[in-house]
Amino acid sequence: MQTTFKIDKYLLSAFLAYFLWGIFPIYWKSLSFLPQEILCLRFILSFLTCIFLIFLNKNLIQFVKEIFDFKVLALHFISGSLLACNWYVYTWSVLNDKTIEASLGYFITPILITLSGILFYGEKISKTQSFGIITVVSSILLMIGFFGYIPYIAFTLTFTFSIYSFLRKKVKIKSLNAFCLESLLMSPFAITYLLVTQNTFQKVVNLDNTQLILVLIMGVVTATPLVLFGFSAKKVEFKTLGLLQYLAPILQFLVGLLLFNEKLQLAYKYSLPILFIGLIIYASDYFKKEDLSKRVKQ
């Protein structure tokens, strides 16, 4: 009798989403646009990409029906607005050599997501896991103490994406449709901005082949991890998402440090080791109690 392991598709989707988010600073850094221009292009091209995929999946009629539900529209307008704020702050950070500081926001986010699962969904964690979380929180407070000011970039990213994650948990429609609707609701604002400024259109016309390709794939680049995340968020517990989400800031931190040559501030030198110790404590106990794979006997 042979025992094999089959990775759960929801967990795999979450892992891929966070991995892509972790390495995407390389992509945003390579674009020749301002943060607000990138934000507008992301929503417009994401909508075009998603609506094309919905059409291919023969789900267009269902999507149109969902548009005329006021509650669905209101929820996705709020989530789309949070996404817009998150995207802009993060893109601005990457383009202004603050990728490491932005990664701090995504180190904090999993804690809020885990606490949301405990407070709003009754998810349970062990004493060891609680100690791991307390250790992580202590490292974050130490960071703030060394900075000498509130890291507004990190906190903005933390709260916008945490609330976005909470709202996505409540979404009843398919993840692709949900993100398409968010993009659709934000696109009129994006188009209006681009029409008023006109600078972006001039830049697009004068792009070289490499930059043009990078712009054309922006919708796919943006939509892929969000659709994967939305797909996984409905089934994966918040505490699991909170654990997996550390992959993204770790990769972002390494990209900022090793590829972008950003300066490692004193705050990180003292606090990051404590943060990683807390994460190891949390994760080690978690893997003792949770099986992230399904055993299939053949």
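The values are calculated or read from the model by the stated rules, or taken from the named source; none is laboratory data. Small disclaimer: the values here were computed from a predicted structure and weren't measured. Don't worry about glycine lacking a Cβ; one is built from the backbone with ideal geometry, like all the others, and counts go over all protein chains shown.
In this structure, is LEU212 surrounded by fewer than 21 Cβ atoms within 10 Å (Cβ to Cβ), farther than 24 Å from PHE52 by Cβ, of a type outside the set (Phe, Trp, Tyr) and out of contact with any Asp or Glu (no Cβ under 7 Å at 6 or more places or on another chain)? The answer is no for LEU212. Since THR109 meets every condition but one in (1) modelled with pLDDT of 90 or more; (2) under 12 Å from the mean Cα position of the chain (by Cα), which condition does it not meet? Evaluating THR109 over (1) modelled with pLDDT of 90 or more; (2) under 12 Å from the mean Cα position of the chain (by Cα) leaves (1) as the failure. If you check GLU101, GLU66 for being more than 17 Å from GLN36 (Cα to Cα), among the charged types (D, E, K, R), in contact (Cβ under 8 Å) with a residue 40 or more places away in the chain and touching a Leu at 6+ places or on another chain (Cβ under 8 Å), only one passes: GLU66.
Taking (1) under 30 Å from LYS65 (Cβ atoms); (2) assigned to a helix (DSSP H, G or I) in turn, THR128 satisfies each apart from (1). One residue is enough: does the stretch 185-203 have a residue meeting the conditions among the hydroxyl-bearing types (Ser, Thr, Tyr), closer than 18 Å to SER81 by Cα and either surrounded by 14 or more Cβ atoms within 10 Å (Cβ to Cβ) or in contact with a helix residue (DSSP H, G or I) (Cβ under 6 Å, 6 or more places away or on another chain) (or both)? Yes, the stretch 185-203 contains at least one residue that is among the hydroxyl-bearing types (Ser, Thr, Tyr), closer than 18 Å to SER81 by Cα and either surrounded by 14 or more Cβ atoms within 10 Å (Cβ to Cβ) or in contact with a helix residue (DSSP H, G or I) (Cβ under 6 Å, 6 or more places away or on another chain) (or both). In this structure, THR200 qualifies as in contact (Cβ under 8 Å) with a residue 24 or more places away in the chain, in contact with an Asp or Glu (Cβ under 6 Å, 6 or more places away or on another chain) and not in a loop (DSSP other than H, G, I, E, B). Screening LYS169, LYS174 for residues that are charged (D, E, K, R) and either surrounded by 20 or more Cβ atoms within 10 Å (Cβ to Cβ) or in contact with a Lys or Arg (Cβ under 9 Å, 6 or more places away or on another chain) (or both) leaves exactly one candidate, LYS169. Of the set (1) surrounded by fewer than 17 Cβ atoms within 10 Å (Cβ to Cβ); (2) touching a residue at least 12 places away in the same chain (Cβ under 8 Å), all apply to LYS58 but (2). What number of residues within the stretch 248-272 satisfy the criterion of being crowded, with 20+ Cβ neighbours inside 10 Å, at pLDDT 80 or above and under 22 Å from LEU95 (Cα atoms)? Number satisfying all stated conditions: 7. THR91 falls short on exactly one of the conditions (1) touching a Leu at 6+ places or on another chain (Cβ under 9 Å); (2) of a type outside the set (A, V, I, L, M, F, W, C); (3) more than 20 Å from CYS50 (Cβ to Cβ); (4) at pLDDT 90 or above, and that condition is (3).
Residue by residue, here is whether (1) in a helix (DSSP H, G or I); (2) out of contact with any Ser or Thr (no Cβ under 6 Å at 6 or more places or on another chain); (3) among the polar types (S, T, N, Q) holds:
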{"residue": "TYR10", "(1), (2), (3)": "yes, no, no"}
{"residue": "TRP28", "(1), (2), (3)": "yes, no, no"}
{"residue": "LEU48", "(1), (2), (3)": "yes, yes, no"}
{"residue": "ILE51", "(1), (2), (3)": "yes, yes, no"}
{"residue": "VAL72", "(1), (2), (3)": "yes, yes, no"}
{"residue": "ASN86", "(1), (2), (3)": "yes, no, yes"}
{"residue": "SER93", "(1), (2), (3)": "yes, yes, yes"}
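Residues that are farther than 14 Å from LEU45 by Cα and without any contact (Cβ under 8 Å) to a residue 40 or more places away in the chain were ranked within the stretch 173-196; the one that is nearest to the chain's Cα centre (by Cα) is THR192.
Would you be able to say whether some residue in the stretch 13-31 is out of contact with any His (no Cβ under 6 Å at 6 or more places or on another chain) and farther than 23 Å from GLN245 by Cβ? Yes, because at least one residue in the stretch 13-31 is out of contact with any His (no Cβ under 6 Å at 6 or more places or on another chain) and farther than 23 Å from GLN245 by Cβ.
So that you can scan it fast, the table gives a plain yes or no per residue for (1) touching a Pro at 6+ places or on another chain (Cβ under 9 Å); (2) under 29 Å from VAL215 (Cβ atoms); (3) not hydroxyl-bearing (Ser, Thr, Tyr):
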position	(1), (2), (3)
ILE111	no, no, yes
PHE120	no, no, yes
SER139	yes, no, no
LEU142	no, no, yes
ALA154	no, yes, yes
PHE161	no, yes, yes
ALA190	no, yes, yes
PHE201	no, yes, yes
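Being modelled with pLDDT under 85, assigned to a helix (DSSP H, G or I), over 20 Å from VAL255 (Cα atoms) and not hydrophobic (A, V, I, L, M, F, W, C) is not true of THR135.
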